[in-house]
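*Asks:* Handing you this structure, nothing more for now.
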Amino acid sequence: MELNQYIDHTYLKAIGTKKDIDQLIDEAKQYRFKSVCINPVHVKYASEALAETDVLVCTVIGFPLGANTIETKVFETLNAVQNGADEIDMVINIGKLKEKDYDYLENEINQVCKAAGDKLVKVIVEICYLDDLEIKKISQVVGNTNAEFIKTSTGFGPSGATVAAVKIMKENVNGKEVKAAGGVRTKEDLIHMIEVGATRIGASSGVKIMQGQEGSGY
């Protein structure tokens with residue numbers, strides 16, 4: 001698979017305007033990225049703009065803290081799908097992981113998967129707040145659900161994806177896929193993540209990565 005097809009071209013800033021989303025869409029078309037990853041308010045617009053392309057529309061649920069109720073996440077998911085989302089990146093309730101309430105987390109993920117229907121679901125676990133044992137455990141939990149991916153980070157925490165965390169996830173997620181997000185800013189970063197098992201990369205620096213330059217931000 002070509003490197004561009006690993007990239008979810010991402011814009012999740014609170015200050016995003018139509019101009020920013022238009023630029024993201026144009027870049028995704030030009031470089032044939034796998035998807036654009038955007039906030040829910042932009043999904044319908046992006047879905048219509050990308051309708052005649054192979055670029056998917058990915059959006060975020062319970063973002064960025066994950067502390068919404070399950071019912072809220074379900075509604076967000078239903079609304080996103082109705083507006084044309086192809087993929088759903090949901091944030092788990094991180095506090096419930098700290099409490100070791102794994103039944104809650106498994107139910108939360110499966111409820112979002114049910115609401116997503118046939119749309120692909122990625123589960124964001126925000127590794128910057130977790131130790132290695134917690135990363136291992138949540139990977140096992142995700143592995144028992146109907147989600148297709150586990151994802152490292154929102155990009156809004158103090159740090160993003162690490163090679164070590166991706167390795168732990170890949171080894172414990174029961175054959176599901178891994179998305180590395182946050183801090184992947186160069187082609188070398190991207191290749192390292194792929195080498196340890198990531199099959200999708202979330203990055204706002206997709207264009208610079210493809211140009212062999214170093215990006216900044218998410």
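The values are calculated or read from the model by the stated rules, or taken from the named source; none is laboratory data. Please read all numbers here as calculations on a predicted model, not as lab measurements. Every residue, glycine among them, receives a Cβ derived from its backbone with ideal geometry; neighbour counts consider all protein chains shown. Calculation scope for accessible area: heavy atoms of the full protein, side chains included, ligands and nucleic acids excluded. Shrake-Rupley method; radii C 1.70, N 1.55, O 1.52, S 1.80 Å.
*Asks:* Can you find, among PHE75, ILE150, ILE135, the residue sitting farthest towards the positive end of the charge dipole of the chain, where Lys and Arg contribute +1 and Asp and Glu -1 at Cβ?
*Replies:* Positive-most Cα among the choices belongs to ILE135.
*Asks:* By how many nm would the segment from THR53 to ASP103 lengthen if fully extended, with 0.36 nm per residue of separation less the alpha-carbon distance?
*Replies:* Additional length available on full extension: 14.1 nm.
*Asks:* Which whole-number value in Å² is the accessible area per residue of the chain, probe 1.4 Å?
*Replies:* On a per-residue basis, the chain sits at 45 Å².
*Asks:* Additional query: Is there a quick way to get the dipole size of the stretch 131-218? I mean about its Cα centre, with the Cβ of Lys and Arg at +1 and of Asp and Glu at -1; what is the value in debye to the nearest 20?
*Replies:* Taking the Cα centre of the stretch 131-218 as origin, the dipole is about 180 debye.
*Asks:* Something else about it: Just the isolated ones, please: cysteines in the chain lacking another cysteine beta carbon under 4.7 angstrom.
*Replies:* CYS113, CYS128
*Asks:* Please report the relative contact order for the chain, taking Cα pairs under 8 Å with a sequence separation of at least 6, and give it as a percent rounded to a whole number.
*Replies:* About 17 percent, as a whole number.
*Asks:* Roughly how many percent of the accessible protein surface of the chain is carbon and sulfur, given a 1.4 Å probe and a whole-percent answer?
*Replies:* 48 percent
*Asks:* Sort VAL196, VAL163, VAL112 by heavy-atom solvent-accessible area, probe 1.4 angstrom, most to least.
*Replies:* VAL163, VAL196, VAL112
*Asks:* Please state, to two decimals, what the Cα-based radius of gyration of the chain comes to when divided by 2.2 N^0.38 Å (N = residues).
*Replies:* Ratio of Rg to 2.2 N^0.38 Å for the chain: 0.93.
*Asks:* Using Cα pairs closer than 8 Å and at least 6 residues apart in sequence, work out the relative contact order for the stretch 36-162, in percent.
*Replies:* 22 percent
*Asks:* Can you compute the charge dipole magnitude of the chain about its Cα centre, using +1 on each Lys and Arg Cβ and -1 on each Asp and Glu Cβ, nothing else charged? Give it in debye, rounded to the nearest 20.
*Replies:* That gives the chain a dipole magnitude of about 160 debye.
*Asks:* I would also like to ask the following. With each run of n ≥ 4 DSSP H residues scored as -39500 (n - 2.57), what mean residue ellipticity at 222 nm is computed for the chain after dividing by its residue count and rounding to the nearest 500 deg cm²/dmol?
*Replies:* The helix contribution divided over the chain gives -12000 deg cm²/dmol.
*Asks:* Here is a follow-up. Taking 0.36 nm per residue of separation and subtracting the Cα-Cα distance, what length does fully extending SER216 through THR69 add?
*Replies:* Extra length from SER216 to THR69 when fully extended: 49.7 nm.
*Asks:* With each label point set 7 Å from Cα along the Cα-Cβ vector, what nm distance links GLU171 and ILE191?
*Replies:* So the two model labels end up 2.5 nm from each other.
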